[in-house]
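Taking it in order: structure first as structure tokens, then the write-up.
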């Protein structure tokens with residue numbers, strides 16, 4: 001199993017290097033500070049939705065309605081701000097509550113009525129898309145009123161000052177070192193094996209270099225995008241939830257063997273409903289970010305985003321059968337998808353070939369997952 005995981009991780013690194021090298025050669029702008037900053041924003045949006053998808057897939061479910069939900073909830077907030085003059089925080093709060101309630105209801109239908117998640121969320125995909133178009137009147141709705149910037153509009157346009165970026169990077173590195181040392185000490189206390197100190201130092205040193213390199217590059221443009229901070233908060237919350245709470249252990253247990261989980265006393269129904277409820281909140285946040293990035297709420301916002309999120313999960317090693325997957329893997333998978341889409345945009349690849357490329361990557365990732373699982 002460890003060999004399989006190592007091979008998968010190595011394959012991901014090679015795939016990312018090949019993709020970045022190809023686009024860097026084909027388009028010198030790919031590695032420019034401006035494009036890497038935009039890539040960070042695009043990655044943040046895709047990866048944020050993928051965090052919610054991870055919580056849904058771990059217990060063996062799927063959510064095909066996430067993309068349409070992104071458009072609907074972003075559209076609700078836009079209409080409340082532009083047409084009804086609501087303050088942006090209040091409008092976003094109302095849309096978030098709507099998303100949480102809708103996904104809570106879907107989760108209940110799945111566990112109480114024993115309806116497959118595939119069917120429920122496929123119906124949601126169509127229903128939410130139709131409701132979205134009704135909400136925005138099949139037109140284009142701005143996200144600001146009177147041309148004044150608000151919290152909604154700055155989600156993907158605000159950048160941290162350079163000093164704040166370096167301070168944040170320093171705090172992250174310190175927290176990472178302390179967490180690794182704590183985990184190492186805990187394993188030693190229980191008599192478990194730990195990696196060599198030299199190996200741990202090299203890993204932490206490399207991670208610190210990458211973090212500060214990211215800050216240096218983004219500061220050459222405008223600074224760290226606020227969207228990256230939002231992703232960081234959500235990714236950290238999902239990591240703590242999945243790795244350090246009973247709820248997270250239940251997610252893995254249900255996905256690994258639901259019958260055994262029931263016999264062991266795991267509250268399967270509550271956990272599944274909880275995962276969909278959290279997904280509703282994350283869909284709302286993604287909807288605000290994607291709509292802010294687009295500048296307006298239009299009928300195309302959220303199109304196929306659920307597939308990008310699923311692809312990020314599968315590429316990152318999440319099993320579609322449930323029971324396996326990590327936050328770090330999903331982030332890596334989202335990075336590969338973001339680099340692929342960003343590079344094709346720079347090369348002015350036509351939409352039809354973008355669809356083909358996304359479909360091919362998703363199919364290849366699922367094939368690799370099945371092959372490695374055997």
Item to check | Output for region 358-374, where each listed residue is within 23 Å of residue 300 (Cβ to Cβ) and surrounded by fewer than 15 Cβ atoms within 10 Å (Cβ to Cβ) | outcome: 359, 360
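Table: residues versus (1) in contact with a helix residue (DSSP H, G or I) (Cβ under 9 Å, 6 or more places away or on another chain); (2) at pLDDT 90 or above.
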| site | (1), (2) |
| --- | --- |
| 153 | yes, no |
| 157 | yes, no |
| 164 | no, yes |
| 171 | no, yes |
| 177 | yes, yes |
| 188 | no, no |
| 196 | no, no |
Checklist entry - Can residue 278 be described as under 16 Å from the mean Cα position of the chain (by Cα), in contact (Cβ under 8 Å) with a residue 40 or more places away in the chain and surrounded by 24 or more Cβ atoms within 10 Å (Cβ to Cβ)? => result no
Item to check | Every pair of residues 6+ apart whose Cβ atoms lie under 7 Å, when the first sits in region 204-216 and is under 14 Å from residue 36 (Cβ atoms) while the second is in a helix (DSSP H, G or I) | outcome: 215/165; 215/166; 215/169
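Conditions tested, residue by residue: (1) crowded, with 16+ Cβ neighbours inside 10 Å; (2) in contact with a strand residue (DSSP E or B) (Cβ under 9 Å, 6 or more places away or on another chain).
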residue	(1), (2)
12	yes, no
15	yes, no
22	no, no
31	no, no
34	no, no
41	yes, yes
45	yes, no
49	yes, no
Checklist entry - Out of all the residues in region 303-321, is one or more more than 16 Å from the chain's Cα centre (by Cα) and surrounded by 22 or more Cβ atoms within 10 Å (Cβ to Cβ)? => result no
Checklist entry - Which residue out of 93, 60, 67 is crowded, with 24+ Cβ neighbours inside 10 Å and either more than 27 Å from residue 365 (Cβ to Cβ) or in contact (Cβ under 8 Å) with a residue 24 or more places away in the chain (or both)? => result 67
Checklist entry - Is it true that residue 328 is surrounded by fewer than 18 Cβ atoms within 10 Å (Cβ to Cβ) and over 18 Å from the mean Cα position of the chain (by Cα)? => result no
Checklist entry - In region 88-124, what count of residues is obtained for those that are in contact with a helix residue (DSSP H, G or I) (Cβ under 8 Å, 6 or more places away or on another chain) and not in a helix (DSSP H, G or I)? => result 2
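The values are calculated or read from the model by the stated rules, or taken from the named source; none is laboratory data. Treat the numbers as computed from the prediction; the structure is a model and nothing was measured. Quick reminder, even Gly has a Cβ in these numbers, built from the backbone with ideal geometry, and neighbours come from all protein chains shown.
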